Amino acid sequence: MGGFPILSMMLLVPFIGAVICMFVDAKPARQVALAATLIDLAFGVLLWLNYDIGGAQWQFTERAPLFAGFNYALGIDGIALLLIVLSVFLMPICILASWDSIQKRVGEYMAAFLFMETLMIGVFSAQDLFLFYIFFEAGLIPMYLIIGIWGGANRIYASYKFFLYTLLGSVVMLIAMLWMVNASGTTDIPTLMNYDFPVQAQTWLWLAFFASFAVKMPMWPVHTWLPDAHVQAPTAGSVILAGVLLKMGGYGFIRFSLPMFPEASAHFAWLIYILSMAAVVITSLIALVQHDMKKLIAYSSVAHMAIVTVGLFSFNQQGLEGSMVVMLSHGLVSGALFLCVGVIYDRLHTREIDRYGGLAINMPKYALFFLLFTMASIGLPGTSGFVGEFLSLVGIYKVSSLVTLICTTGIILGAAYMLYLYRRVAFGEQTNADAASMVDLDLREWLMLGPIALAVLWMGVYPESFIAPIRQDIAALDARLARAAPAGDARIVTGTPRAKAANSMPEGGHSAKAETVTEGKH
């Protein structure tokens, strides 16, 4: 890119667009928001095309000192690249989804989305610890406003619950960050990823970060804010919440918890497995009995993100790669499912499943898109959902057959609740005259659903194009975790890591503090 500050430009374009939207009328606000998101999408494509697979780990880096050791530092690896591309891909679709449905305070609404795009890109590209924290926490504000101002009847309750849940955990994380900077003498994230904190301190640091990332994912049982937020949020809010904001928790685990606290991660692997298994089974069963389409998809998100966490804590390359692919796939598929709900909600103004039925008769194109995304959510081979779940389960099977068995039930239960939903909405007799009179997709809705459908099929048919950019980064993380990787079912029960020989460490080794770790000693 010839030194072009593309990441700064990707932050600046939506920020400028947001400022403009706040001072113009509804129609130009929509146009400015769409233009800004399309420009950022073009930058994202450039980022993808110019990323050097197999090159340096950190690319497109920018750095400028600010004050007191605080730096404006940006840069991406393959993991951040995919999540940034996912963000800029979904944002124009969110603007299109809001084109007609949002009629009050349109300028402020579009500004909130553009501010959120700036903050999401900042989270995934920040290379300074406190810069990451600013972006990470500031992202709460626009989503809080989107739910609280443009949401449903109980929007105030849902927005406060969302804000308080996510903020409380992050306060503990900030205290841990201050201790880390004091101990290591740096705020540079790539440096901290290779710094060996004392094993005893890792336990407390890991728990502090876990308090924030577990809520953000969200993991069971701190997931209860998510169904309320989804149900009350406008359609585009649900899309970006499920598509990108939930991925910040997974990104936090893969960027901070695992590389910075490997021994503690292995020590608490049993906790992750138990919570993930509970999430897969419990939330899937809850999804089965839902009458609200949005709430059903929200509970399914918790179950799918549980597959991400078990894959991340499988401590092997297949599981880690699978978790990344599941995050990408879930971002596309869950976003598309919320869009499908929004399409018929705009026509009938209800999310009650029983009010629909037989839509395949009068909305065949809509039914086809809905079927594709339903199959992808289930994990049908040939769609994006299959690849990530298969890799994640292969990875966790190397660690625990029991965890794999229970998590696999999520696929069976997922097929049950998603097919049950689809049958009641698309098939059967049309008993509701209003539903029978709804028209099929218009051009705007084609432009919303079509690109996601192509991406879902692309990822399912040729997943290598998405796995190749992250392979080197996942391999480096796997080597970093090698000394603490859990070794089978019995060791998971006790939470005891395995100390590997020094010759199994990546080049450069690690500190004497880490070398003293032996079985059973933390």
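Observations, loosely collected:
- Shape call, the stretch 241-382: gyration tensor on alpha carbons, a/c limit 1.5: prolate
- Percent RCO, i.e. relative contact order, over the chain, from Cα pairs under 8 Å lying at least 6 residues apart: 15
- Taken about its Cα centre, the stretch 114-240 carries a charge dipole of about 380 debye when Lys and Arg each add +1 at the Cβ and Asp and Glu each add -1 at the Cβ.
- For the chain, the per residue solvent-accessible surface stands at 36 Å², with DNA, RNA and ligands left out and a 1.4 Å probe.
- Computed from Cα positions, the angle between helix 140-150 and the longest principal axis of the chain comes to roughly 10 degrees.
- Assuming charge only on the beta carbon of Lys and Arg (+1) and of Asp and Glu (-1), the dipole of the chain about its Cα centre is about 600 debye to the nearest 20.
- Think of the chain as having a plus end and a minus end, set by charges on the Cβ of Lys, Arg, Asp and Glu; of Val231, Thr309, Ala479, Val231 sits farthest toward the positive end of this dipole.
- Options (1) 25.8; (2) 24.9; (3) 23.2 - which one matches Kirkwood radius over Cα pairs in Å as calculated here: (3)
- The stretch 63-172 - percent relative contact order, Cα under 8 Å, separation 6 or more: 26
- The trypsin sites (Lys or Arg not before Pro) found in the stretch 438-484 include none that occupy coil by DSSP while having at most 12 further C-beta atoms within 10 Å.
- Each residue was assigned an accessible area with a 1.4 Å probe, and for Lys27 the value is about 140 Å².
- Assuming charge only on the beta carbon of Lys and Arg (+1) and of Asp and Glu (-1), the dipole of the stretch 226-374 about its Cα centre is about 260 debye to the nearest 20.
- Dipole axis of the chain (+1 Lys, Arg; -1 Asp, Glu on Cβ), positive-most option in Met293, Phe124, Tyr195: Met293
- Rounded to 10°, Cα long-axis angle of helix 384-397 versus longest principal axis of the chain: 30
- The stretch 310-336 and the stretch 201-256 have Cα centres spaced 14 Å apart.
- The heavy atoms of His349 offer some 130 square angstrom of accessible surface to a 1.4 angstrom probe.
- For the chain, the number of Lys pairs separated by eight or more positions or lying on different chains, with C-alpha atoms closer than 22 Å, is 15.
- Under 14 Å, Cβ to Cβ, from Ala233 - net charge with Lys/Arg +1 and Asp/Glu -1: +3
- Alpha-carbon centroids, the stretch 1-71 and the stretch 98-132: separation in whole Å: 12
- For Phe4, the solvent-accessible surface computed with a 1.4 Å probe is close to 90 Å², ligands and nucleic acids excluded.
- Solvent-accessible area, 1.4 Å probe, carbon plus sulfur percent, for the chain: 67
- The order of Glu389, Glu352 by accessible area, most exposed first and with a 1.4 Å probe, is Glu352, Glu389.
- The order of Trp270, Trp150, Trp206, Trp458 by accessible area, most exposed first and with a 1.4 Å probe, is Trp458, Trp270, Trp150, Trp206.
- For the stretch 1-129, with +1 on Lys and Arg beta carbons and -1 on Asp and Glu, the positive-most of Leu86, Leu47, Ala33 along the dipole: Ala33
The values are calculated or read from the model by the stated rules, or taken from the named source; none is laboratory data. This is a predicted model, so every value here is computed, not measured. Heads up, the Cβs are rebuilt from the backbone with ideal geometry, glycines too, and the neighbour counts pull from every protein chain shown. Each accessible area value is taken on the protein alone, full model and side chains, heavy atoms only, with ligands, DNA and RNA left out. Shrake-Rupley method; radii C 1.70, N 1.55, O 1.52, S 1.80 Å.
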